[in-house]
Amino acid sequence: MELDISQRFIFDNTDIRGELVRCTDSFEQLIQNHDYPEVAKNLLGEFLVATVLLSTTMKFEGRLSLQASSKGEIPFIVMECDSNREVRGIAQVRDNFIQGDFNALLAQGTLAITIEPTNGKPYQGIVPLEGKNLAECLSQYFIQSEQLPTHFNFAIGTDKGRQTAAAMILQQMPMHKISDTDTRAENWNRLTQLANTLTDEELLSVEYETLLYRLYHQDPLKIFNPKIVQYRCTCSRKRTQEALRTIDRNELKAILKEEGAVTLNCQFCHKEYSFNADDIANL
Ligand SMILES: [Zn+2]
(Lines give C-alpha, C1' and ligand atoms only; values in the text may rest on other atoms or scores of the structure.)
Protein backbone atom coordinates (compact mmCIF):
# COMPACT_ATOMS: atom_id res chain seq x y z
CA MET A 1 0.00 0.00 0.00
CA GLU A 2 1.25 3.44 -0.89
CA LEU A 3 1.23 5.81 2.07
CA ASP A 4 -0.08 9.34 2.12
CA ILE A 5 2.90 11.48 2.98
CA SER A 6 3.56 14.98 4.19
CA GLN A 7 7.13 16.16 3.59
CA ARG A 8 8.76 19.18 5.22
CA PHE A 9 11.74 21.02 3.74
CA ILE A 10 13.62 24.20 4.50
CA PHE A 11 15.93 26.29 2.34
CA ASP A 12 19.40 26.50 3.88
CA ASN A 13 20.22 30.12 3.04
CA THR A 14 16.83 31.77 3.44
CA ASP A 15 14.08 32.11 6.05
CA ILE A 16 11.62 30.17 3.89
CA ARG A 17 10.13 26.81 4.74
CA GLY A 18 8.06 24.45 2.66
CA GLU A 19 5.93 21.36 2.89
CA LEU A 20 4.58 18.96 0.28
CA VAL A 21 1.60 16.68 0.81
CA ARG A 22 -0.07 14.04 -1.34
CA CYS A 23 -3.20 12.11 -0.28
CA THR A 24 -4.64 9.10 -2.10
CA ASP A 25 -5.92 6.59 0.50
CA SER A 26 -7.18 9.29 2.85
CA PHE A 27 -8.81 11.17 -0.05
CA GLU A 28 -10.59 8.05 -1.30
CA GLN A 29 -11.77 7.16 2.21
CA LEU A 30 -12.99 10.71 2.70
CA ILE A 31 -15.26 10.65 -0.36
CA GLN A 32 -16.43 7.01 -0.29
CA ASN A 33 -19.96 6.42 1.06
CA HIS A 34 -20.85 9.98 0.03
CA ASP A 35 -22.54 10.78 -3.23
CA TYR A 36 -20.55 13.94 -3.97
CA PRO A 37 -20.61 15.59 -7.40
CA GLU A 38 -17.19 15.87 -9.07
CA VAL A 39 -16.57 19.56 -8.21
CA ALA A 40 -17.43 18.91 -4.56
CA LYS A 41 -14.93 16.02 -4.49
CA ASN A 42 -12.27 18.30 -5.94
CA LEU A 43 -12.96 20.99 -3.38
CA LEU A 44 -12.84 18.41 -0.58
CA GLY A 45 -9.48 17.28 -1.94
CA GLU A 46 -8.15 20.84 -1.76
CA PHE A 47 -9.50 21.28 1.76
CA LEU A 48 -7.92 17.97 2.75
CA VAL A 49 -4.37 18.80 1.69
CA ALA A 50 -4.73 22.45 2.79
CA THR A 51 -5.73 21.34 6.29
CA VAL A 52 -2.76 18.98 6.52
CA LEU A 53 -0.42 21.79 5.42
CA LEU A 54 -1.95 24.25 7.90
CA SER A 55 -1.67 21.71 10.71
CA THR A 56 2.09 21.59 10.12
CA THR A 57 2.24 25.24 11.26
CA MET A 58 0.83 24.27 14.70
CA LYS A 59 3.46 24.32 17.38
CA PHE A 60 1.59 22.12 19.87
CA GLU A 61 -0.62 19.05 20.21
CA GLY A 62 -4.17 19.62 19.11
CA ARG A 63 -6.53 19.82 16.20
CA LEU A 64 -6.90 22.25 13.34
CA SER A 65 -10.05 22.62 11.31
CA LEU A 66 -10.75 24.50 8.10
CA GLN A 67 -14.38 25.36 7.60
CA ALA A 68 -16.23 27.27 4.88
CA SER A 69 -19.81 28.51 5.16
CA SER A 70 -21.49 30.05 2.15
CA LYS A 71 -24.68 30.91 0.30
CA GLY A 72 -23.39 29.03 -2.77
CA GLU A 73 -23.82 25.50 -4.11
CA ILE A 74 -21.78 24.17 -1.18
CA PRO A 75 -23.23 25.83 1.94
CA PHE A 76 -20.84 24.05 4.28
CA ILE A 77 -17.54 22.21 4.13
CA VAL A 78 -15.29 21.23 7.00
CA MET A 79 -11.99 19.38 7.29
CA GLU A 80 -10.14 18.46 10.46
CA CYS A 81 -6.55 17.39 11.01
CA ASP A 82 -4.86 16.68 14.34
CA SER A 83 -1.18 16.79 15.26
CA ASN A 84 -0.85 13.09 14.33
CA ARG A 85 -2.03 14.03 10.82
CA GLU A 86 -5.28 12.13 11.17
CA VAL A 87 -7.93 13.72 8.96
CA ARG A 88 -11.67 13.66 8.38
CA GLY A 89 -14.14 16.01 6.69
CA ILE A 90 -17.46 16.47 4.92
CA ALA A 91 -19.21 18.79 2.50
CA GLN A 92 -22.86 19.69 2.33
CA VAL A 93 -24.14 20.07 -1.22
CA ARG A 94 -27.40 21.71 -2.36
CA ASP A 95 -30.02 19.30 -3.74
CA ASN A 96 -30.46 21.16 -7.00
CA PHE A 97 -26.71 21.27 -7.54
CA ILE A 98 -25.43 23.06 -10.64
CA GLN A 99 -21.82 23.11 -11.78
CA GLY A 100 -19.83 26.09 -10.63
CA ASP A 101 -16.40 27.58 -10.15
CA PHE A 102 -14.90 28.26 -6.73
CA ASN A 103 -16.82 31.54 -6.30
CA ALA A 104 -20.16 29.96 -7.26
CA LEU A 105 -19.61 26.97 -5.00
CA LEU A 106 -18.76 29.16 -2.02
CA ALA A 107 -20.60 32.39 -2.90
CA GLN A 108 -20.64 35.09 -0.19
CA GLY A 109 -18.71 32.71 2.00
CA THR A 110 -16.35 32.90 4.91
CA LEU A 111 -13.42 30.68 5.73
CA ALA A 112 -12.71 29.89 9.38
CA ILE A 113 -9.51 28.34 10.64
CA THR A 114 -9.87 26.97 14.15
CA ILE A 115 -7.02 25.69 16.26
CA GLU A 116 -7.93 23.65 19.33
CA PRO A 117 -4.89 22.85 21.44
CA THR A 118 -5.22 19.70 23.58
CA ASN A 119 -4.25 21.90 26.52
CA GLY A 120 -5.29 25.50 26.16
CA LYS A 121 -7.82 27.82 24.68
CA PRO A 122 -9.10 27.44 21.12
CA TYR A 123 -8.24 30.15 18.61
CA GLN A 124 -10.20 31.07 15.48
CA GLY A 125 -9.34 33.27 12.52
CA ILE A 126 -11.85 34.16 9.80
CA VAL A 127 -11.43 35.61 6.32
CA PRO A 128 -14.04 36.31 3.63
CA LEU A 129 -13.86 33.92 0.67
CA GLU A 130 -13.08 36.69 -1.79
CA GLY A 131 -10.15 35.16 -3.66
CA LYS A 132 -10.65 33.33 -6.95
CA ASN A 133 -9.50 30.04 -5.39
CA LEU A 134 -8.60 28.45 -2.07
CA ALA A 135 -4.90 29.27 -2.49
CA GLU A 136 -5.65 33.01 -2.69
CA CYS A 137 -8.00 32.91 0.30
CA LEU A 138 -5.48 31.09 2.46
CA SER A 139 -2.64 33.44 1.45
CA GLN A 140 -4.89 36.32 2.43
CA TYR A 141 -5.53 34.66 5.80
CA PHE A 142 -1.81 34.39 6.55
CA ILE A 143 -1.13 38.01 5.58
CA GLN A 144 -4.02 39.17 7.75
CA SER A 145 -3.36 37.00 10.79
CA GLU A 146 0.39 36.50 10.97
CA GLN A 147 1.80 38.90 8.35
CA LEU A 148 3.61 35.92 6.83
CA PRO A 149 3.70 35.75 3.02
CA THR A 150 2.51 32.24 2.15
CA HIS A 151 2.26 30.57 -1.24
CA PHE A 152 0.10 27.54 -2.11
CA ASN A 153 0.00 25.14 -5.05
CA PHE A 154 -2.88 22.67 -5.34
CA ALA A 155 -3.51 19.81 -7.75
CA ILE A 156 -6.43 17.40 -7.78
CA GLY A 157 -6.33 14.50 -10.21
CA THR A 158 -5.05 10.96 -10.43
CA ASP A 159 -1.80 9.22 -9.57
CA LYS A 160 -1.41 5.65 -10.87
CA GLY A 161 -5.11 5.65 -11.70
CA ARG A 162 -6.26 6.61 -8.20
CA GLN A 163 -7.88 9.83 -7.06
CA THR A 164 -5.24 12.03 -5.52
CA ALA A 165 -5.03 15.45 -3.89
CA ALA A 166 -1.68 17.19 -3.61
CA ALA A 167 -0.36 20.53 -2.45
CA MET A 168 2.75 22.50 -1.64
CA ILE A 169 3.15 25.42 0.74
CA LEU A 170 6.02 27.91 0.89
CA GLN A 171 6.10 30.25 3.84
CA GLN A 172 8.28 33.22 4.71
CA MET A 173 9.47 32.77 8.29
CA PRO A 174 10.27 35.62 10.67
CA MET A 175 13.72 37.21 10.25
CA HIS A 176 16.46 34.81 11.32
CA LYS A 177 19.21 34.00 8.78
CA ILE A 178 18.61 36.94 6.43
CA SER A 179 18.03 40.41 7.87
CA ASP A 180 18.26 42.47 4.66
CA THR A 181 14.67 43.14 3.53
CA ASP A 182 15.58 43.39 -0.18
CA THR A 183 17.33 40.01 -0.08
CA ARG A 184 14.38 38.51 1.76
CA ALA A 185 11.99 39.83 -0.90
CA GLU A 186 14.26 38.62 -3.73
CA ASN A 187 14.44 35.12 -2.24
CA TRP A 188 10.70 35.02 -1.78
CA ASN A 189 9.98 36.18 -5.35
CA ARG A 190 12.42 33.74 -6.90
CA LEU A 191 11.27 30.68 -4.93
CA THR A 192 7.56 31.39 -5.44
CA GLN A 193 8.04 32.08 -9.16
CA LEU A 194 9.70 28.68 -9.46
CA ALA A 195 6.80 27.16 -7.48
CA ASN A 196 4.43 28.60 -10.09
CA THR A 197 6.16 26.54 -12.79
CA LEU A 198 5.13 23.32 -11.03
CA THR A 199 2.63 21.36 -13.13
CA ASP A 200 -0.34 19.45 -11.69
CA GLU A 201 1.15 16.22 -13.01
CA GLU A 202 4.43 16.87 -11.14
CA LEU A 203 2.69 17.76 -7.91
CA LEU A 204 0.46 14.66 -8.14
CA SER A 205 2.95 12.04 -9.30
CA VAL A 206 6.64 12.93 -9.19
CA GLU A 207 8.64 11.58 -6.28
CA TYR A 208 9.36 14.41 -3.80
CA GLU A 209 13.16 14.49 -3.99
CA THR A 210 13.03 14.56 -7.79
CA LEU A 211 10.35 17.25 -7.74
CA LEU A 212 12.34 19.46 -5.33
CA TYR A 213 15.50 18.92 -7.36
CA ARG A 214 13.72 19.96 -10.57
CA LEU A 215 12.42 23.14 -8.96
CA TYR A 216 15.21 24.13 -6.61
CA HIS A 217 18.50 22.49 -7.62
CA GLN A 218 20.18 25.90 -7.30
CA ASP A 219 18.94 26.44 -3.75
CA PRO A 220 20.39 24.06 -1.15
CA LEU A 221 17.62 22.69 1.02
CA LYS A 222 17.19 20.27 3.88
CA ILE A 223 14.51 17.59 3.56
CA PHE A 224 13.05 16.26 6.81
CA ASN A 225 11.64 12.82 7.57
CA PRO A 226 8.31 12.23 5.83
CA LYS A 227 5.20 12.04 8.01
CA ILE A 228 2.22 9.79 7.38
CA VAL A 229 -1.28 11.20 6.82
CA GLN A 230 -4.26 8.94 7.57
CA TYR A 231 -8.01 9.13 7.44
CA ARG A 232 -9.57 8.50 10.82
CA CYS A 233 -12.98 9.47 12.09
CA THR A 234 -13.06 10.51 15.74
CA CYS A 235 -16.62 9.31 16.27
CA SER A 236 -17.29 6.64 18.91
CA ARG A 237 -20.17 4.95 20.71
CA LYS A 238 -19.33 6.96 23.83
CA ARG A 239 -19.45 10.32 22.00
CA THR A 240 -22.70 9.35 20.30
CA GLN A 241 -24.11 8.44 23.72
CA GLU A 242 -23.11 11.88 25.00
CA ALA A 243 -24.94 13.47 22.08
CA LEU A 244 -28.05 11.42 22.91
CA ARG A 245 -28.04 12.83 26.46
CA THR A 246 -28.84 16.25 25.03
CA ILE A 247 -32.02 14.94 23.35
CA ASP A 248 -35.35 15.03 25.20
CA ARG A 249 -35.93 11.66 26.92
CA ASN A 250 -39.60 11.49 25.85
CA GLU A 251 -38.58 11.97 22.26
CA LEU A 252 -36.12 9.05 22.55
CA LYS A 253 -38.82 6.88 24.15
CA ALA A 254 -41.17 7.65 21.28
CA ILE A 255 -38.51 6.56 18.75
CA LEU A 256 -37.87 3.36 20.77
CA LYS A 257 -41.58 2.56 20.75
CA GLU A 258 -41.84 3.04 17.03
CA GLU A 259 -38.56 1.54 15.82
CA GLY A 260 -37.28 -0.67 18.65
CA ALA A 261 -33.97 1.19 18.81
CA VAL A 262 -32.50 4.66 18.47
CA THR A 263 -30.05 4.67 15.59
CA LEU A 264 -27.62 7.46 14.80
CA ASN A 265 -25.20 7.68 11.88
CA CYS A 266 -21.94 9.58 12.07
CA GLN A 267 -22.26 12.43 9.56
CA PHE A 268 -18.56 12.12 8.65
CA CYS A 269 -18.03 8.36 8.10
CA HIS A 270 -21.68 7.15 8.14
CA LYS A 271 -20.89 4.55 10.83
CA GLU A 272 -24.10 3.42 12.53
CA TYR A 273 -24.58 3.48 16.30
CA SER A 274 -27.68 1.76 17.67
CA PHE A 275 -29.12 2.05 21.20
CA ASN A 276 -31.81 -0.22 22.64
CA ALA A 277 -34.24 0.46 25.50
CA ASP A 278 -31.65 -0.59 28.15
CA ASP A 279 -29.01 1.70 26.67
CA ILE A 280 -31.43 4.62 26.66
CA ALA A 281 -32.49 3.88 30.26
CA ASN A 282 -28.79 3.90 31.30
CA LEU A 283 -27.94 7.21 29.64
ZN1 LIG B 1 -17.46 8.72 12.15
Among Val52, Val206, Val262, residue whose mean-square fluctuation peaks in a GNM of the chain (springs only between Cα atoms under 10 Å): Val262
Within the accessible area of segment 4-231 (1.4 Å probe), percent carbon and sulfur: 47
Extension gain, Asn13 back to His217 (0.36 nm per residue minus Cα-Cα distance, nm): 72.1 nm
Accessible area expressed per residue, the chain, with surrounding protein chains retained (probe 1.4 Å, Å²): 52
In Hz, Karplus ³J(HN,Hα) per residue of segment 230-242 (6.51, -1.76, 1.60; θ = phi - 60°; x = Gly, Pro): 9, 7, 8, 8, 8, 6, 7, 4, 4, 5, 5, 4, 4
Spin-label model distance (nm) - Gln99 vs Thr158, 7 Å beyond Cα toward Cβ: 1.9
Among Ala40, Ala243, Ala112, residue whose mean-square fluctuation peaks in a GNM of the chain (springs only between Cα atoms under 10 Å): Ala243
Electrostatic dipole magnitude of segment 93-146 [Cβ: Lys, Arg +1; Asp, Glu -1; Cα centre; debye, to 20]: 80
Lone cysteines, the chain (no partner Cβ under 4.7 Å): Cys23, Cys81, Cys137
3J(HN,Hα) from dihedral phi, segment 50-56, Karplus parametrisation 6.51/-1.76/1.60, rounded to Hz, x for glycine, proline: 4, 5, 5, 4, 5, 5, 6
Extension gain (nm, one decimal) between Glu258 and Glu38, 0.36 nm per residue minus Cα-Cα: 75.4 nm
Gaussian network model of the chain, Cα within-10 Å springs - most flexible of Thr246, Thr110, Thr210: Thr246
Low-density loop cleavage sites - chymotrypsin sites (Phe, Trp or Tyr not before Pro) in segment 21-104, where at most 16 other Cβ are within 10 Å (DSSP): Phe60, Phe97
Using θ = phi - 60° and Karplus 6.51 cos²θ - 1.76 cosθ + 1.60, couplings along segment 190-199 (whole Hz; Gly, Pro as x): 5, 5, 6, 5, 5, 4, 5, 8, 5, 8
Rounded to the nearest 20 debye, dipole of the chain from Cβ charges on Lys, Arg, Asp, Glu: 660
Potential extension, Gln230-Glu28 segment - 0.36 nm per residue separation minus Cα distance: 71.6 nm
Cβ-Cβ FRET estimate between Thr197 and Asn133, R0 fixed at 22 Å, reported to 0.05: 0.80
Members of Lys41/Lys271; Lys41/Lys253; Lys41/Lys257; Lys59/Lys177; Lys41/Lys160; Lys41/Lys227 lying beyond 30 Å, as alpha-carbon distances in this model show: Lys41/Lys253; Lys41/Lys257
Förster radius 25 Å - calculated FRET efficiency between Gln124 and Glu61, Cβ distance, rounded to 0.05: 0.90
Förster radius 45 Å - calculated FRET efficiency between Ala281 and Asp182 (Cβ-Cβ, nearest 0.05): 0.05
Folded to 0 to 90 degrees: helix 134-146 orientation relative to the chain principal axis, Cα: 80
Solvent-accessible area of Leu194 with every protein chain in place, 1.4 Å probe, in Å² to the nearest 10: 60
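The values are calculated or read from the model by the stated rules, or taken from the named source; none is laboratory data. Source: prediction; values computed, not measured. Cβ: placed from backbone, ideal geometry, glycine included. Neighbour counts: every protein chain shown. Only protein heavy atoms, including side chains, enter the accessible area calculation; ligands, DNA and RNA are left aside. Shrake-Rupley method; radii C 1.70, N 1.55, O 1.52, S 1.80 Å.
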